[in-house]
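Right, one structure below, let's go through it.
The values are calculated or read from the model by the stated rules, or taken from the named source; none is laboratory data. Here the structure is a predicted model, which means the values were calculated and not measured. FYI the Cβ positions are ideal-geometry reconstructions off the backbone, even for glycines, and counts take in every protein chain you see.
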Amino acid sequence: MPVAELLWNLLVHKMFELSHTRIKQLCHALARLQQPNRRCVSLFFFNKDEVALLRQTALNQEFRKARPEINHKGRAVFQDFDICFPAPRAGVFDQLATQLETGLIRASVSLPNPPLAEPLNLLDFAIQRYPVGARGIGIHRDGVRYRQIVVIITLDGTSRLFTCADRQGKAKRRINDCPGRLVLLSAEGFAGRSGEDARPLHGVDSVNGGRLSLGLRTASKPN
């Protein structure tokens, strides 16, 4: 193996390591997310080399146009982006998912009231690519089948990820999801929450510079 390739492989192997500092960051994030009125948190977590590698690997995947609209219980949500789903949990993506699964559980059990009651299996993995000027995705909640926590990692672009109080977009609040940040959304079962109260309404708009993002979730098994 050429020296340059060997050094690159060693560098990649060192990425996404679970340091003591990162575990502390995740502890703080979960403690914040446990607060009664909190349904999302954002924290700076990834270094520029990790973001660059994730971005390049994501762009190398095959995408298709997402369905322009999805309906659930009479509620229509527009979708204006390209998607890779299911995205392959392999290579650097597997390193990332393993880091988060392990780190979040370790952080949870260190808290006085652990908010994660069962293991995370981030096997529901999607990559979304929004072109410049896209409408984004309409206001929605993640489905009840997604358990405990939803992970969003933005890798490129300029857009607005937001939460809001209702489906008309009242009280929109921007979530800081700039590249390098880790966004965690509360989901069914997090800290004992259930139903719509567990899952924040959110969406994406103002896609002025495009957007490339990863979404990782634990899906319950169908009955």
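Rundown of residues vs (1) more than 22 Å from residue 190 (Cβ to Cβ); (2) β-branched (Val, Ile, Thr); (3) at pLDDT 95 or above, yes/no style:
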{"site": "56", "(1), (2), (3)": "yes, no, yes"}
{"site": "61", "(1), (2), (3)": "yes, no, yes"}
{"site": "65", "(1), (2), (3)": "yes, no, yes"}
{"site": "69", "(1), (2), (3)": "yes, no, yes"}
{"site": "82", "(1), (2), (3)": "yes, no, yes"}
{"site": "97", "(1), (2), (3)": "no, no, yes"}
{"site": "102", "(1), (2), (3)": "no, yes, yes"}
{"site": "112", "(1), (2), (3)": "no, no, yes"}
{"site": "124", "(1), (2), (3)": "no, no, yes"}
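Go through the residues of region 164-171 one by one and say whether even a single one is modelled with pLDDT of 95 or more and within 14 Å of the chain's Cα centre (by Cα). Scanning region 164-171 turns up no residue that is modelled with pLDDT of 95 or more and within 14 Å of the chain's Cα centre (by Cα).
Keeping to region 34-44, report how many residues are touching a residue at least 24 places away in the same chain (Cβ under 8 Å) and out of contact with any helix residue (DSSP H, G or I) (no Cβ under 7 Å at 6 or more places or on another chain).
Qualifying residue count, region 34-44: 4.
Within region 22-53, the residues that satisfy the criterion of being outside any helix (DSSP H, G or I) and either among the polar types (S, T, N, Q) or under 17 Å from the mean Cα position of the chain (by Cα) (or both) are 35, 37, 38, 39, 40, 41, 42, 43, 44, 45, 46, 47.
Checking each residue in region 134-159 for being surrounded by fewer than 17 Cβ atoms within 10 Å (Cβ to Cβ) and within 26 Å of residue 34 (Cβ to Cβ) picks out 143, 144, 145. Looking at region 60-82, which of the residues that are touching a residue at least 60 places away in the same chain (Cβ under 8 Å) and either assigned to a loop (DSSP other than H, G, I, E, B) or touching a Leu at 6+ places or on another chain (Cβ under 6 Å) (or both) is surrounded by the fewest Cβ atoms within 10 Å (Cβ to Cβ)? Taking the candidates together, the pick is 61.
Within region 11-21, the residues that satisfy the criterion of being in contact with a helix residue (DSSP H, G or I) (Cβ under 7 Å, 6 or more places away or on another chain) and either crowded, with 19+ Cβ neighbours inside 10 Å or in a loop (DSSP other than H, G, I, E, B) (or both) are 15, 16, 18. Looking across region 120-153, the residues that are more than 18 Å from residue 69 (Cβ to Cβ) and either without any contact (Cβ under 8 Å) to a residue 60 or more places away in the chain or small (Gly, Ala, Ser) (or both) come down to 133, 144.
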